[in-house]
Amino acid sequence: KNLVAVGKCLTSTGAALQSNIVIDQCDGRTLQQWTYTSAKELRNGTLCLDVAAASSSNGANVQVYTCNGANNQKWEQVGSAFKPSHVPGLTMCLDVNSGSSVNGTNVQIWTCAGNTAQSWAVQNPPTVQISTPPSGLRITP
């Protein structure tokens, strides 16, 4: 599924360990496909959404890392917010920096404020539809 905030998808910048997380135009690519597991992980393939260095500070970076069961890889879904479990009192939220909708904007954790930068919708990825041309038309390369 896609996680969408400010009209853009949560996107890993790569499949390598510690690849950064940004928002980008939703286009169905693998690096935008997330599964919320019963272990409260947000998984992209074999990697988990991870708060770097298990920081609990405003602006702490979010990345992908090998899933290891650590609390900085567990996320409580509360309404439309995702809150990192390692922060006491669940006071921090997955957040789009400055609420910007510009492609490539960094994703971080920030004190929960209930705003659009912290409101995530779970959506099916876009699909490509191929239609058959009307009869009598021919497609040539």
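Residues of region 1-36 that are open to solvent by less than 30 Å² (accessible area, probe 1.4 Å) and polar (S, T, N, Q): Asn2, Thr11, Ser12, Ser19, Gln32. Here the condition is being surrounded by fewer than 16 Cβ atoms within 10 Å (Cβ to Cβ), in a strand (DSSP E or B), touching a residue at least 60 places away in the same chain (Cβ under 8 Å) and among the aliphatic types (A, V, I, L, M); of Val107, Val122, it holds for Val122 alone.
For region 98-140, the set of residues classified as closer than 12 Å to Leu10 by Cα, modelled with pLDDT of 95 or more and of a type outside the set (Ser, Thr, Tyr) consists of Asn103, Gly104, Asn106, Val107, Gln108, Ala117, Gln118, Trp120, Ala121, listed by residue number.
Of the set (1) of a type in the set (A, V, I, L, M, F, W, C); (2) without any contact (Cβ under 8 Å) to a residue 24 or more places away in the chain; (3) under 16 Å from Gly104 (Cβ atoms), all apply to Ala53 but (3).
Scanning region 70-104 for residues that are farther than 21 Å from Leu47 by Cα and assigned to a strand (DSSP E or B) returns Val78, Met92. Among the residues of region 78-95, count how many are open to solvent by 40 Å² or more (accessible area, probe 1.4 Å) and within 19 Å of Thr11 (Cβ to Cβ). Qualifying residue count for the region: 1.
The values are calculated or read from the model by the stated rules, or taken from the named source; none is laboratory data. Because the structure is predicted, anything quoted here is derived from the model rather than measured. Every residue, glycine as well, gets a Cβ built from its backbone with ideal geometry; the counts of neighbours run over all protein chains shown. All accessible areas refer to the heavy atoms of the entire protein, side chains included, with ligands and DNA or RNA removed. Shrake-Rupley method; radii C 1.70, N 1.55, O 1.52, S 1.80 Å.
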